[in-house]
Amino acid sequence: MLWKPHKKDMTKNPTDWYSSWFDTPFYHILYKDRDDAEARIFMDTLTQYLNIPEGGTVLDLACGKGRHSVYLSLLGYQVTGVDLSANSIAFAKQFEHENLHFEVHDMCMPFNKTFDAVFNLFTSFGYFDNEEDNLNTIKAIKTDLNDYGFGVIDFMNSNFVQENLVPEEVKVVDGITFFLKRYVQDGYILKDITFIHENKEYNYQEKVRALSLSDFETLFEQAGVYLLDVFGDYKLNKFNAETSERLVMIFK
């Protein structure tokens, strides 16, 4: 059974969890084992499939510390990475060059520039308590696409995640023991994260709307965009609602 905290720390902001949790160094420590090789193969496969023109423009929406953006720029694209986290963007700016730039930006709002592709990757969607902001984000992506551009949302397959949810887990990373508790509540998939660092207790929560393909189809219709293709993994294999781990949607 997991260790349970004796008291709550106010580091968790239930109304805007992503702007606080993503801005901490602990978020990046917990997820430092993400597979960069897999991410690069995904970018290779995706850009080839979309046939983005040589030197084409890409907006990496909710780019974090910029791992996808950096690699996309190495492929020869002109890349802009944006994220709400000022700390993540400050870190990413060390990688800037002529064809790679980073800015702090709220993805609910249009960027006021058009691109050949707008990527929203690694389940960087469905965070908002105000569901209207999910629709606003898709509308913003539509605004940010040029006449030939494609939008891509790489989301979790909520059906698969809920069926294979690991309720409790302990992860030790860089000497920090993270206690993770996962559950489904009110249409959201939640993860409570508890740990002690330098004798201080921290409590954070990740909260993502368990959106299904049909939910996205409704949002796309409301936003006036057209769903072109749906894939179930980073190799762009066919989506299966029961067995696919990812929900990768191409639209314009």
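The values are calculated or read from the model by the stated rules, or taken from the named source; none is laboratory data. Keep in mind it's a predicted model, so treat the numbers as computed, not measured. When we count neighbours, we look across all protein chains shown, and the Cβ atoms used for this are built from the backbone with ideal geometry, even at glycine.
Suppose we filter 176, 193 for residues that are touching a helix residue (DSSP H, G or I) at 6+ places or on another chain (Cβ under 9 Å) and under 21 Å from residue 128 (Cα atoms); which single one remains?
Details: 176 fails: under 21 Å from residue 128 (Cα atoms).
Going through 176, 193 in turn, the sole match is 193.
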### Query
Does the range 149-171 hold any residues that are surrounded by fewer than 18 Cβ atoms within 10 Å (Cβ to Cβ), part of a strand (DSSP E or B) and touching a Lys or Arg at 6+ places or on another chain (Cβ under 6 Å), and which are they?
168
### Summary
With criteria (1) under 19 Å from the mean Cα position of the chain (by Cα); (2) under 23 Å from residue 49 (Cβ atoms), residue 149 comes up short on (1)
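Filter the range 76-86 for residues that are part of a loop (DSSP other than H, G, I, E, B) and either touching a strand residue (DSSP E or B) at 6+ places or on another chain (Cβ under 9 Å) or of a type in the set (Lys, Arg) (or both); which is modelled with the highest pLDDT?
In the first step, residues of the range 76-86 are kept if they are part of a loop (DSSP other than H, G, I, E, B); the result is 76-77, 84-85.
Filter once more, keeping what is either touching a strand residue (DSSP E or B) at 6+ places or on another chain (Cβ under 9 Å) or of a type in the set (Lys, Arg) (or both): 77, 84-85.
Working: 77: 98, 84: 91, 85: 88.
Result: 77.
Identify, please: which residue in the range 119-148 is in contact with a strand residue (DSSP E or B) (Cβ under 9 Å, 6 or more places away or on another chain) and of a type in the set (Asp, Glu) and is, among those, surrounded by the fewest Cβ atoms within 10 Å (Cβ to Cβ)? Can you show your working first?
The initial filter retains those residues of the range 119-148 that are in contact with a strand residue (DSSP E or B) (Cβ under 9 Å, 6 or more places away or on another chain), namely 119-129, 131, 134, 137-138, 140-142, 144-146, 148.
After this cut, where a residue has to be of a type in the set (Asp, Glu) as well, the list is 129, 131, 144.
On the way: 129: 12, 131: 14, 144: 24.
Among residues in the range 119-148 that are in contact with a strand residue (DSSP E or B) (Cβ under 9 Å, 6 or more places away or on another chain) and of a type in the set (Asp, Glu), the one surrounded by the fewest Cβ atoms within 10 Å (Cβ to Cβ) is 129.
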### Task
Taking residue 89 as meeting all but one of (1) part of a helix (DSSP H, G or I); (2) crowded, with 23+ Cβ neighbours inside 10 Å; (3) β-branched (Val, Ile, Thr), write down the number of the exception.
(2)
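Considering only residues that are part of a loop (DSSP other than H, G, I, E, B) and under 12 Å from the mean Cα position of the chain (by Cα), look in the range 40-69 and name the one that is nearest to residue 124 (Cα to Cα). Don't jump to the end; show me each part of the working.
Step one: list which residues in the range 40-69 are part of a loop (DSSP other than H, G, I, E, B), which gives 51-56, 62-66.
Now narrow it down to the ones that are under 12 Å from the mean Cα position of the chain (by Cα): 62-66.
Numbers: 62: 6, 63: 9, 64: 9, 65: 13, 66: 13 Å.
Step by step, filter the range 40-69, then rank; the result is 62.
How many residues, within the range 194-229, are more than 17 Å from the chain's Cα centre (by Cα) and within 30 Å of residue 146 (Cα to Cα)? Before the answer, list the steps.
Start the filter on the range 194-229 by keeping residues that are more than 17 Å from the chain's Cα centre (by Cα), which leaves 194-204, 214-215, 217-229.
Subset that is within 30 Å of residue 146 (Cα to Cα): 214-215, 217-229.
Of the residues in the range 194-229, 15 are more than 17 Å from the chain's Cα centre (by Cα) and within 30 Å of residue 146 (Cα to Cα).
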### Query
Filter the range 230-252 for residues that are within 18 Å of the chain's Cα centre (by Cα) and in a strand (DSSP E or B); which is farthest from residue 162 (Cα to Cα)?
251
#### Entry: Positions within the range 197-227 being surrounded by 14 or more Cβ atoms within 10 Å (Cβ to Cβ) and either part of a strand (DSSP E or B) or modelled with pLDDT under 95 (or both), in sequence order
197, 201, 202, 203, 204, 205, 206, 207, 208, 209, 227
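Quick one: would you say residue 238 is closer than 24 Å to residue 30 by Cβ, surrounded by fewer than 18 Cβ atoms within 10 Å (Cβ to Cβ) and not polar (S, T, N, Q)? Steps first, answer last, please.
Numbers: closer than 24 Å to residue 30 by Cβ: no; surrounded by fewer than 18 Cβ atoms within 10 Å (Cβ to Cβ): yes; not polar (S, T, N, Q): yes.
No.
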